[in-house]
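The values are calculated or read from the model by the stated rules, or taken from the named source; none is laboratory data. For clarity, every value in this text was computed on a predicted model and none was experimentally measured. Note that each Cβ is placed from the backbone with ideal geometry, even for glycine, and that neighbours are counted across all protein chains shown. Accessible surface areas use protein heavy atoms only, side chains included; no ligands, DNA or RNA. Shrake-Rupley method; radii C 1.70, N 1.55, O 1.52, S 1.80 Å.
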Amino acid sequence: MKLNRSSKLVLLGAILSSLGVTPAFSADGSFYRGKTLTVLINFAAGGPTDIEGRLAARYLGKHIPGQPAVIVQNMSGAGGVTGTNYLGEVAKRDGLTLGYFTGQFFNLLTADPNLRVDLAKFAYIASIEGVAVAYIRRDVAPGIQEPKDLIKAKGFKVGGLSLNSAKDVRFRLQLDILGVPHQYVTGYNSNSDARLALERNEIQFFTEGTPGYRSQVQPRMVKDGLVVPVYADELVTADGEFRSSAEVPDIPSFSQLHQQLFGKLGSGPLWETLKTINLTHAMQRIAKVAPNTPAEAVAALRQGFSQMIKDPEFIQEFKKVTRSDPNFQVGGEADKLIRKLVQAPPEVRATIKKYTESK
């Protein structure tokens, strides 16, 4: 059987992938020339995923060989799962739909029945890490002046998005590890809704990613003395060690705060569960295409991201909009992350199940 150019590239890509080698094709621009690329975003307009995705979409087209036109489409629902299922089940395998998603890796840990696709089969183009900052109102009794005062706080309400949200499970774990009594109030539709509820004193504690914290919370709520940042999330290395993010050098990480309070890190199911969830920080936002997308398209898209993140105009606007650096990793380490999540021990899965089924 005679293979055409595209088929040969796909076959070569599959062989190299099986050997653990990332294909490095020379994209000459012919694949995307004269075409339109749709950037699919798995959350609603106005949220952090949408803001980042639209920002990337504005610059990506001119850096992809062939310079395709780029349009944006939002497909929210089921905590981002609707868009992921669409990309894996419905979107054509033609390289013309690129998902810019907040990842569903947490759904692997919960065995979410809504997630019908195998995350390991997508072709990952690029990823960027993300961490959240926890903050609390200063007027929470007996008064919060610095991060260490969190351990004294009593009778406050923490705001969440949903029971099965990775972020909600994470901060509930953290507060339980610290032994801080609190009331969990969930169901806020977005970070902005929860932030407004905190300003109204309906809740007193919330966490959100560094873009929202730097652009909304720090210049207003921290500066005006309404809240105190108490800790930042952190990444976890492949060998299970905590690693603080360079995005928040001015705020203690959770493990640093714990060491300040207790002189050491803890152990047990809660800690192991927190470590496992924190693995997903390395790929909080991901750009990916459907399984079996032509290798030539994958190579061109990776080349586009590689060039875009060197573009001074993109860097400047990304910093201005998100208040963070565009530290994208092209290619990503999705396979390694997925393997570790799939291999999560039973006690970790049981702990997550407990937190996602009850308040």
| note | Inside the range 129-148, the number of residues satisfying the requirement of being of a type outside the set (Lys, Arg), out of contact with any Pro (no Cβ under 8 Å at 6 or more places or on another chain) and either surrounded by fewer than 16 Cβ atoms within 10 Å (Cβ to Cβ) or at pLDDT 95 or above (or both) is 9
| task | Name every residue in the range 217-265 that is under 18 Å from Arg323 (Cα atoms), of a type in the set (A, V, I, L, M, F, W, C) and open to solvent by 60 Å² or more (accessible area, probe 1.4 Å), in order of residue number. | result | Ala246
| Got a number for residues in the range 226-263 being in contact with a His (Cβ under 8 Å, 6 or more places away or on another chain) and free of Cβ contacts under 8 Å to residues at least 60 places away in the same chain? | 1
| task | Mind listing whichever residues of the range 299-349 are open to solvent by less than 30 Å² (accessible area, probe 1.4 Å), in a loop (DSSP other than H, G, I, E, B) and among the hydrophobic types (A, V, I, L, M, F, W, C)? | result | Ala344
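Residue-wise test of (1) touching a residue at least 12 places away in the same chain (Cβ under 8 Å); (2) open to solvent by 30 Å² or more (accessible area, probe 1.4 Å); (3) part of a loop (DSSP other than H, G, I, E, B).
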{"residue": "Lys92", "(1), (2), (3)": "yes, yes, yes"}
{"residue": "Leu109", "(1), (2), (3)": "yes, no, no"}
{"residue": "Asn114", "(1), (2), (3)": "yes, yes, yes"}
{"residue": "Val117", "(1), (2), (3)": "yes, no, yes"}
{"residue": "Ala120", "(1), (2), (3)": "yes, yes, no"}
{"residue": "Ser127", "(1), (2), (3)": "yes, no, no"}
| With respect to the numbered conditions (1) under 16 Å from Thr207 (Cα atoms); (2) out of contact with any Leu (no Cβ under 7 Å at 6 or more places or on another chain); (3) touching a residue at least 60 places away in the same chain (Cβ under 8 Å), which one is the sole condition not fulfilled by Pro269? | (1)
| In the range 32-47, which residues are hydrophobic (A, V, I, L, M, F, W, C) and open to solvent by 60 Å² or more (accessible area, probe 1.4 Å)? | Phe43, Ala45
| said: Against the definition (among the basic types (Lys, Arg), surrounded by fewer than 18 Cβ atoms within 10 Å (Cβ to Cβ) and assigned to a loop (DSSP other than H, G, I, E, B)), how does Lys154 come out, yes or no? | reply: yes
| said: Take the residues in the range 33-56 that are charged (D, E, K, R) and part of a loop (DSSP other than H, G, I, E, B); name whichever of them is nearest to Asn191 (Cα to Cα). | reply: Lys35
| task | Please enumerate the residues belonging to the range 60-90 that are of a type in the set (Ser, Thr, Tyr), surrounded by fewer than 21 Cβ atoms within 10 Å (Cβ to Cβ) and in a helix (DSSP H, G or I). | result | Thr82, Tyr86
| query | Out of (1) more than 20 Å from Gly47 (Cα to Cα); (2) open to solvent by 30 Å² or more (accessible area, probe 1.4 Å); (3) among the aliphatic types (A, V, I, L, M), the odd one out for Leu161 is which? | reply | (1)
